[in-house]
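Taken together, the values in this text are just the output of simple stated rules run on the coordinates, not laboratory data. Just so it is clear, the structure is predicted and the values come from calculations on it, not from any experiment. Note that each Cβ is placed from the backbone with ideal geometry, even for glycine, and that neighbours are counted across all protein chains shown.
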There are 2 protein chains.
Amino acid sequence: MSASPSPSNSERPAVIAVDAMGGDDAPEVVVRGALAAVSGDREIVLVGDSMRIESLLGNRVGGPGIRVVNATQVIGMDESPSAALDKKKDSSLLVAARLVKQGDAQALVSAGNTGALMAGSLLTMGRMTGIRRPAIAVTWPTYDAPVDYVLVLDCGANAESKPEYLAQFGHMGSVYMERVMGRPTPRVGLLNIGGEAGKGGTLVNHAYALLEKAGLNFVGNVEPTGMMRGEVDVVVTDGFVGNMILKTGESVAEMIMNTIKAGVARSLRAKIGAWLMKPVFRDLKRKVDHSEYGGALLLGLRGPVVKAHGRSNEVAIANAIKVASRAVSQGVIAHIGQSIQQAAAREGGADAASA
Amino acid sequence: MSASPSPSNSERPAVIAVDAMGGDDAPEVVVRGALAAVSGDREIVLVGDSMRIESLLGNRVGGPGIRVVNATQVIGMDESPSAALDKKKDSSLLVAARLVKQGDAQALVSAGNTGALMAGSLLTMGRMTGIRRPAIAVTWPTYDAPVDYVLVLDCGANAESKPEYLAQFGHMGSVYMERVMGRPTPRVGLLNIGGEAGKGGTLVNHAYALLEKAGLNFVGNVEPTGMMRGEVDVVVTDGFVGNMILKTGESVAEMIMNTIKAGVARSLRAKIGAWLMKPVFRDLKRKVDHSEYGGALLLGLRGPVVKAHGRSNEVAIANAIKVASRAVSQGVIAHIGQSIQQAAAREGGADAASA
């Protein structure tokens, strides 16, 4: 039950707090996912009903790389976030977030209630120094593109944004894609209604100007079509728009899949056809399914927060833990701070030069 | 070559100006679509290269319900709208728009360059009295819903909006859906990041307050998921967000369709499966394809403007003409004016009562 590094490792391992009670199939799937993610360079802290978790861990209780912290309450998937956070101070989510705040863990993973996770970790952990607003970053699949997916942020942490926030989202996304996802000098694009500079309203135009001098690999405006063709690695947008395109994309994909399913259910001929096409549909599902890439992220807090999908299977949970772990070991928080400081210094220098 | 009513009709027929040169397969497809839409209660004016149009019309030249107006220039699908509108004063698009401005036609239909159509008709025809900003309205397919489609506006006529514009979009969409699409007391929803009142930023919150007292059947906020389940008939949003969700929806649908096609092309087994599933894919294509409902609309000008898809076939062109014709015969412009006046009077009355 200690957070000290495992003796086999010379470096201090990343400690990842995992909300074991969050998600549709918690704690079973979460515990299995955590076991699948055990490795020498990370320590996983499962937070929740310790009796249940330990019985699921079986003979792995007390084993290397995994430990349990008890929490007596659970926030339900459909509970109102504000009410739940108010009442359930000993919920697995808040106990896990407190571990990060206290420095006993460096990142948080949950497949639970998204709103509660976002609000709870912001309130408990607090923003990292220099960041004005956190952002929800989501991986988005591409088609016929040089890259498999792009990162879109903000997807809804903020209902209203200022240009400065968007510029910071550019820094956060760029550092994350470079350090965690291994994309060298990520191309950063600003989501807009047209490709040319000057398109869109005041917010995007001011954000464009800030991104141009941010010291990032800013490639200008990008439209949803270009985003899905992988013309950029990082798509910067305000939380309202990001949330709307994310939900629209999910709803359209769901509509198409359900329309196909309903059509297949109505005819034997189509049923046989669907069986023959099974490998095609499996590949498609994999492309559309975000879980492969480790879920959504909340960036800009004192530690990275990874939100796995509520319907996550154990592979998705394990991926989410690995992503969080890599974000810690790669020093994402420190690098974001550095990137923003450098931009501020550059701007200060430019101001001084032009003065 | 006269715009006077056909003698067989006691009521003055709607006169629809059609840009015969706009669209990927113009003028052939446009002329065929126009011929399919000929009826006693409308007159179609085909605008463009009169020699070519008349040769396509064949023995229908000079026949009832259809006539030709010459225009010597064509705006290409990929031309920059502002430059094209500047140079090509005798383009089929601008000549057709001028017919509406001068009262020789009451509505405009084009399958050509969207940006040029929107800018050109706004500049030429002008806004209707009382309307602060026009809006692009697009029909959006639903799934497993009480209605086949909903109307979303604004999908990009304005890059930046004020709450008052959004309230007017509610009036325009409601009148259109009731008068042209036959939906009694259409349910109007405000696109937002959550269902509850108070969600979202300043713009949507102020728009919410205005829509509540607009005298419409305003049902509150709606998310993309609810929109696609047909929880409302009219979705009000600002042009930036509307444009982004529209392009995202189209791109996601395209990605899924192309992923399926590519998978099928790679395997004989899947090819046979796809052949067996043909009826399912045909139904799906019909659902995803907007052309069935008559294209996108520009509302708020002196006459309705219908934008058919650039790839429209003759059925889609005929539908677009019928929609425009119905908008005229149902007096959509007058009814929108009335709806907005009544709301203003109600608000004035409420102000007086509360004073």
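Using a cut-off of 25 Å between Cα atoms, the listed pairs A:Lys247/A:Lys285; B:Lys89/B:Lys322; A:Lys213/B:Lys247; A:Lys199/B:Lys247; A:Lys199/A:Lys307 include B:Lys89/B:Lys322; A:Lys213/B:Lys247; A:Lys199/A:Lys307 as exceeding that distance.
The stretch between B:Ala197 and B:Asp283 holds 27.3 nm of extra length on full extension. This uses 0.36 nm per residue minus the Cα-Cα distance.
With the label put 7 angstrom out from Cα along the Cα-to-Cβ vector, B:Arg269 ends up 2.3 nm from the copy partners, going from closest to farthest. Among B:Tyr149, B:Tyr165, a tally of other beta-carbon atoms within 10 Å of each Cβ gives an order, fewest to most, of B:Tyr149, B:Tyr165. Which residue fluctuates most in the GNM of chain B (Cα springs below 10 Å): B:Ser174, B:Ser251, B:Ser121? Comparing B:Ser174, B:Ser251, B:Ser121 in the GNM, the peak value goes to B:Ser251.
I need the fraction of alpha carbon pairs in chain A separated by more than 27 Å, rounded to a whole percent.
Roughly 48 percent, rounded to a whole number.
Between B:Leu211, B:Leu203, B:Leu99, the residue with the greatest mean-square fluctuation in the GNM of chain B (Cα pairs under 10 Å linked by springs) is B:Leu203.
Each other copy holds its own label point for B:Met77; taking that point as 7 Å from Cα along Cα to Cβ, the gaps run 4.4 nm, nearest first.
Hey, if you drop one equal point scatterer on each alpha-carbon of the range A:217-339 and run the Debye formula without solvent, what base-10 log of I(q)/I(0) do you get at q = 0.13, 0.14, 0.22 Å⁻¹? Values, matching the q order: -0.74, -0.84, -1.40. Placing +1 on the Cβ of every Lys and Arg and -1 on the Cβ of every Asp and Glu, with no other charges, gives chain B a dipole of roughly 540 debye about its Cα centre.
Residue order for B:Glu43, A:Glu28, fewest other beta carbons within 10 angstrom first, comes to A:Glu28, B:Glu43.
Quote the Stokes-Einstein diffusion coefficient, in whole µm² s⁻¹, for the range A:109-258, based on the Kirkwood radius over alpha carbon pairs, a temperature of 4 °C and a viscosity of 1.567 mPa s.
It diffuses with D of about 83 µm²/s by this estimate.
Are there GluC sites (Glu not before Pro) in the range A:181-235 that DSSP puts in a loop and that have at most 11 other Cβ atoms within 10 Å, and which ones? Passing sites in the range A:181-235 are A:Glu196. A point 7 Å from Cα along Cα→Cβ stands in for A:Gly331, and the other copies hold the same point at 7.4 nm, listed in rising order.
Sort B:Lys285, B:Lys247 so that the residue with the fewest other Cβ atoms within 10 Å of its own Cβ comes first and the one with the most comes last.
So the residues, fewest neighbours to most, are B:Lys285, B:Lys247.
Mind jotting down the distance between the C-alpha centroids of the range A:61-95 and the range B:119-163, whole Å? Their Cα centres are 46 Å away from one another. Among B:Leu191, B:Leu151, B:Leu210, whose mean-square fluctuation peaks in a Gaussian network model of chain B (Cα, cutoff 10 Å)? Of B:Leu191, B:Leu151, B:Leu210, the most mobile in the Gaussian network model is B:Leu210.
Just want the answer: with Cβ charges of +1 for Lys and Arg and -1 for Asp and Glu, which residue in A:Val147, A:Val100, A:Ala36 is farthest toward the dipole's positive end in the protein assembly as shown? Going by the charge dipole, the pick is A:Ala36. Across chain B, the mean sequence separation of Cα contacts (distance under 8 Å, 6 or more residues apart), normalised by length, yields a relative contact order of 22 percent. Using alpha-carbon pairs under 8 Å, 6+ residues apart, how would you state the relative contact order of the range A:186-328 in percent? Value for the range A:186-328: 16 percent.
Membrane-span-like helices in chain B (whole DSSP H runs, Cα extent of at least 27 Å along the helix axis, mean Kyte-Doolittle hydropathy of at least 0.5): B:239-265.
When you restrict to C-alpha pairs under 8 Å that are six or more residues apart and normalise by the size of the range A:266-344, the relative contact order lands at 22 percent.
For the protein assembly as shown, report the convex hull volume of the alpha-carbon atoms normalised per residue, in Å³, without decimals. Present the calculation step by step, with values, prior to reporting the outcome.
On the way: hull volume 138.9 nm³, N = 710.
With only Cα atoms used, the protein assembly as shown gives 196 Å³ per residue.
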